[in-house]
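Presented below is the structure to which this report refers.
Here, each number is a calculation from the coordinates, and none is a lab measurement. Model, not experiment: these values are computed from the prediction. FYI the Cβ positions are ideal-geometry reconstructions off the backbone, even for glycines, and counts take in every protein chain you see.
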Amino acid sequence: MITVTRPRILVVGAGFAGVGCVRRLERRLSPDEAEITLVTPSSYQLYLPLLPQVASGVLTPQSIAVSLRRSRRYRTRIIPGGAIGVDLAAKVCVVRTITDKIVNEPYDYIVLAPGSITRTFDIPGLTDHAYGMKTLAEATYLRDHVISQLDLADASQDPDERAARLQFVVVGGGYAGTETAACLQMLTHNAVKRYPRIDPSLIKWHLIDIAPRLMPELGEKLGDDAQKILRKRGIDISLGVSIAKAGPEEVTFTDGRVIPTRTLIWTAGVVASPLIGTLGAETVRGRLAVTAEMNLPGHDGVFALGDAAAVPDVAKDEEGAVCPPTAQHAMRQGKVVADNVIAALREKPLRPYKHKDLGLVVDLGGRDAVSKPIGIELKGLPAMAVARGYHWSALRTNVAKTRVMTNWLLNAVAGDDFVRTGFLSRSPAKLKDFELVHAYLTPEQLREQVGGKGPAEETSG
Ligand SMILES: Cc1cc2nc3c(=O)[nH]c(=O)nc-3n(C[C@H](O)[C@H](O)[C@H](O)COP(=O)(O)OP(=O)(O)OC[C@H]3O[C@@H](n4cnc5c(N)ncnc54)[C@H](O)[C@@H]3O)c2cc1C
């Protein structure tokens with residue numbers, strides 16, 4: 001008897017790119033055409049652009065954790081874990097499950113969409129003392145931490161400690177950092193009304209960036225408008241400035257200023273997931289170099305996209321331009337990559353990814369926002385309506401849409417109670433605790449893992 005095995009498609013990462021791809025594969029491939037497997041540490045797709053609203057308490061964490069299993073055509077096998085190495089020659093992906101079991105997962109086609117991690121530099125004390133803003137846990141921690149600073153400042157009899165606890169530093173003037181600073185400043189601004197012992201003028205937010213402009217993608221005028229809005233709200237913006245060193249109770253800026261603070265939030269850009277480094281393939285500033293069809297040159301069944309890949313931006317005339325790491329691109333690339341995997345499977349030609357940027361929406365907390373949809377510059381309420389409308393429509397399930405809308409309405413009507421939930425409050429929560437850069441295999445470990453044991457064998461548990 002001849003056993004016919006279906007081709008195995010392995011998708012790594014359940015973010016905008018990975019989920020976009022899986023959903024399309026489920027829709028366009030019949031179950032007997034291929035087996036689809038997804039490797040992901042979490043059981044949800046995180047809607048990252050709304051993370052600052054979780055940190056500031058406008059949305060509950062659950063509302064932006066979109067279920068992977070709520071889909072009409074859902075049939076994908078999900079491996080709960082993270083890929084820690086890919087052996088291109090053996091066509092094996094090594095996975096560490098959430099119980100730390102190491103599993104070799106063979107594939108015929110692999111779609112690499114593990115996204116990015118926070119970019120850090122060799123700044124003394126940075127990873128030990130800074131908070132990140134890239135995961136749901138980090139956003140939740142940050143909210144608790146900021147509220148705890150108000151609680152502690154309120155209780156303190158020491159004026160120096162009080163002042164230090166009420167200073168907050170955010171590094172990174174891209175949209176992630178700007179939104180984080182703006183939304184959290186709005187949180188402390190609203191919360192302080194419930195702390196009659198705290199002088200509101202002691203609360204100081206610093207937003208710093210080494211670049212000469214905030215959110216250069218917005219263009220000069222809208223970028224200036226955003227700065228004006230934030231400065232008017234009392235946020236101190238310093239451009240051309242970074243961090244020289246970070247300690248537990250103070251941060252030193254590169255311009256020599258020393259800020260006593262217990263809160264350093266680091267959002268100064270992203271780099272591709274360390275998984276990409278395990279392939280030993282060519283990269284462009286850390287992102288995997290792929291063709292416009294999102295295929296790894298020389299490896300027909302290997303595709304990569306989203307933040308992890310340098311996908312050529314063919315919509316731009318510039319030579320060597322690659323798509324910026326945005327959700328907008330990742331989501332759309334997911335669909336095209338699925339079509340290309342199917343085309344490869346059916347021996348049809350692949351198509352290049354081409355998408356013209358639709359613009360940017362930036363929520364600055366409360367009623368403040370700036371946005372530039374299809375080149376039209378907006379600020380204030382119209383910008384807010386566009387920003388929220390865009391995010392709302394981009395949420396994948398109706399349940400997530402309902403949760404987010406209900407949260408927005410509830411927050412608008414009832415406000416926030418500024419409650420610290422305290423879950424895991426005594427666990428480590430700094431950058432070094434979340435980035436997991438040491439979880440990945442070295443080339444030697446990968447060779448040993450894949451070569452030493454046969455595919456699909458488990459080696460520990
Ligand atoms: C605070 C913040 C605000 C943002 N705001 C905007 C915005 O307004 N507009 C916009 O367009 N973009 C925004 N972005 C950027 C946008 O979120 C990213 O560009 C987008 O998420 C990239 O999609 P992705 O699928 O490549 O990666 P992600 O969405 O990050 O997904 C990667 C997935 O892979 C998983 N993963 C990671 N490593 C592994 C591994 N080794 N094995 C298996 N799975 C793994 C992760 O858990 C995650 O589920 C924002 C980002 C942040 C952090």
Quickly estimate the mean residue ellipticity at 222 nm for the chain, helices only: each DSSP H run with n ≥ 4 gives -39500 (n - 2.57), and the total goes over all residues, rounded to 500.
-9500 deg cm²/dmol
Less than 18 Å apart at the alpha-carbon level, and either on another chain or at least 8 residues along: which aspartates and glutamates does that give for residue 354?
293, 307, 313, 317, 318, 319, 339
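Take the alpha carbon atoms of the stretch 220-335, find their radius of gyration, then divide it by 2.2 N^0.38 Å using N residues; give the quotient.
Details: Rg = 19.4 Å, N = 116, 2.2 N^0.38 = 13.4 Å.
Rg over 2.2 N^0.38 Å, computed on Cα atoms: 1.45.
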Return the percentage of antiparallel bridges among DSSP beta bridges fully within the chain, rounded to the nearest 5 %.
50 percent
Give me a comma-separated list of calculated 3J(HN,Hα) values for the stretch 82-97, in order, Karplus coefficients 6.51, -1.76, 1.60 applied at θ = phi - 60°, integers in Hz, x for any Gly or Pro.
x, 6, 10, x, 10, 9, 5, 5, 7, 6, 10, 10, 9, 10, 9, 6
How would 416, 368 line up from fewest to most surrounding beta-carbon atoms within 10 angstrom?
416, 368
Please give me the summed charge of the neighbours of residue 198: other residues whose Cβ is under 12 Å from its Cβ, Lys and Arg +1, Asp and Glu -1.
+2
Return one number: the angle in degrees, 0 to 90 and rounded to the nearest 10, between the long axis of the Cα atoms of helix 381-394 and the longest principal axis of the Cα atoms of the chain.
30 degrees
Above 22 angstrom, tally the Cα pairs of the stretch 19-110 and express them as a % of all pairs, no decimals.
42 percent
Would you list, by chain and number, the lysines whose Cα falls below 20 Å from the Cα of residue 356, excluding same-chain residues fewer than 8 positions away?
316, 335, 372
Using modelled backbone amide H atoms (1.01 Å from N, in-plane), which distant-in-sequence or interchain residues come within less than 5 Å of residue 204's amide H?
167, 168
Its Cα gyration tensor gives the stretch 128-261 an equivalent ellipsoid whose semi-axes in whole Å, largest first, are 24, 17, 15
Take each of the peptides 269-280, 400-411, average the number of other beta-carbon atoms within 10 Å over its residues, and list them starting from the highest.
269-280, 400-411
Work out from phi, with θ = phi - 60° and the Karplus expression 6.51 cos²θ - 1.76 cosθ + 1.60, the ³J(HN,Hα) of each residue of the stretch 338-345, listed in order in whole Hz, and give x for Gly and Pro.
4, 4, 6, 5, 5, 4, 4, 4
Can you tell me which of 191-204, 24-37 comes out highest on packing, and rank the rest after it, using the mean Cβ neighbours within 10 Å?
24-37, 191-204
Applying a 10 Å radius around every beta-carbon, put 290-297, 354-361, 9-16, 163-170 in order of their mean neighbour count, most first.
9-16, 163-170, 290-297, 354-361
Under 5 Å from the placed amide H of residue 243, counting only residues 5+ away or on other chains, we find 254
Placed amide H near residue 39: partners under 5 Å, 5+ positions off or other chain
11, 12, 13, 79
If you plug each phi of the stretch 268-281 into the Karplus form 6.51 cos²θ - 1.76 cosθ + 1.60 with θ = phi - 60°, what whole-Hz ³J(HN,Hα) values come out, in order, with x for Gly and Pro?
8, x, 10, 10, 4, 3, x, 4, 4, x, 6, 7, x, 9
Gyration tensor verdict on the chain (Cα atoms; rounded if a/c is under 1.5, prolate if a/b is larger than b/c, oblate otherwise):
prolate
